[in-house]
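Input: a single structure, listed below in C-alpha cells.
The values are calculated or read from the model by the stated rules, or taken from the named source; none is laboratory data. Predicted, not measured: the structure shown is a model, and the values here were computed from it. Because the Cβ atoms are built from the backbone with ideal geometry, glycine has one as well, and the counts that use them run over all protein chains shown. The protein model used for the area step is the full one, side chains on, heavy atoms only, and it has no ligands, DNA or RNA in it. Shrake-Rupley method; radii C 1.70, N 1.55, O 1.52, S 1.80 Å.
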Amino acid sequence: QVQLVESGGGLVQAGGSLRLSCAASGTIFSINAMGWYRQAPGKQRELVATITSGGSTNFADSVKGRFTISRDNAKNTVYLQMNSLKPEDTAVYYCNADGVYGHSGYYPDSWGQGTQVTVSS
C-alpha cells in the first residue's frame, strides 16, 4: 500500500500564495507521474497539474501562469506552488501518484486524503 501524505493547505486571501506538499511513504523504487487534483463543493474532481518522472508538466488552463508543480524524485515528493490565488481556487486538493513501483508491488493509482484550500475574497 502506498500512502500519500499531503500538507500545506489553509486559508489565504485572494492574491496570496500557498505551497502544497505531498510525500509518498514506503519503500518506493519509482513513480511514473505525480499530480494534484481538486474538488470544489458540488463539482467533480478536476485535474490541476501533473508532472512526470522526467519533469514534463501539464496544467489546467485555469491555473496556467499562476501555479507551478515540481517534484523531488529522491524524496518521492511533489509540490504545488500556488500564486495569485482566486476565490474560485477554493477546493479540497488531492495528491495523486500514477504508476508506483514499490517493494510490496505495483500500484497503478494512489490518492492522498486531501487538504483544504480556502481563498477568501
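The table for this structure:
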| read-out | value |
| --- | --- |
| Cβ-Cβ under 9 Å pairs, at least 6 apart or on other chains, region 36-48 side within 17 Å of Leu20 (Cα to Cα), far side of a type in the set (A, V, I, L, M, F, W, C) and open to solvent by 80 Å² or more (accessible area, probe 1.4 Å) | Tyr37/Trp111 |
| Region 97-109, residues that are open to solvent by 10 Å² or more (accessible area, probe 1.4 Å) and either touching a residue at least 12 places away in the same chain (Cβ under 8 Å) or hydrophobic (A, V, I, L, M, F, W, C) (or both) | Asp98, Tyr101, Gly102, His103, Ser104, Tyr107, Asp109 |
| Residues of region 73-99 satisfying the condition of being under 17 Å from Val2 (Cβ atoms), within 13 Å of the chain's Cα centre (by Cα) and in a strand (DSSP E or B) | Thr77, Val78, Tyr94, Cys95, Asn96, Ala97, Asp98 |
| Which numbered condition Val48 misses (of (1) assigned to a strand (DSSP E or B); (2) under 27 Å from Gly105 (Cβ atoms)) | (2) |
| Selection from region 72-96 of residues that are surrounded by fewer than 13 Cβ atoms within 10 Å (Cβ to Cβ) and under 14 Å from Cys22 (Cα atoms) | Asp72, Ala74, Lys75 |
| Positions within region 56-91 being touching a strand residue (DSSP E or B) at 6+ places or on another chain (Cβ under 7 Å) and among the hydrophobic types (A, V, I, L, M, F, W, C), in sequence order | Phe59, Ala60, Val63, Phe67, Ile69, Val78, Leu80, Met82, Leu85, Ala91 |
| In region 57-71, the residues that are open to solvent by 70 Å² or more (accessible area, probe 1.4 Å) and either closer than 17 Å to Leu18 by Cα or outside any helix (DSSP H, G or I) (or both) | Thr57, Asn58, Lys64, Gly65, Thr68 |
| Criterion violated by Gly54 - all others in (1) closer than 18 Å to Val119 by Cα; (2) open to solvent by 70 Å² or more (accessible area, probe 1.4 Å) satisfied | (1) |
| Matching entry among Ala23, Ala74, Ala40 (being at pLDDT 95 or above, out of contact with any Leu (no Cβ under 8 Å at 6 or more places or on another chain) and aliphatic (A, V, I, L, M)) | Ala40 |
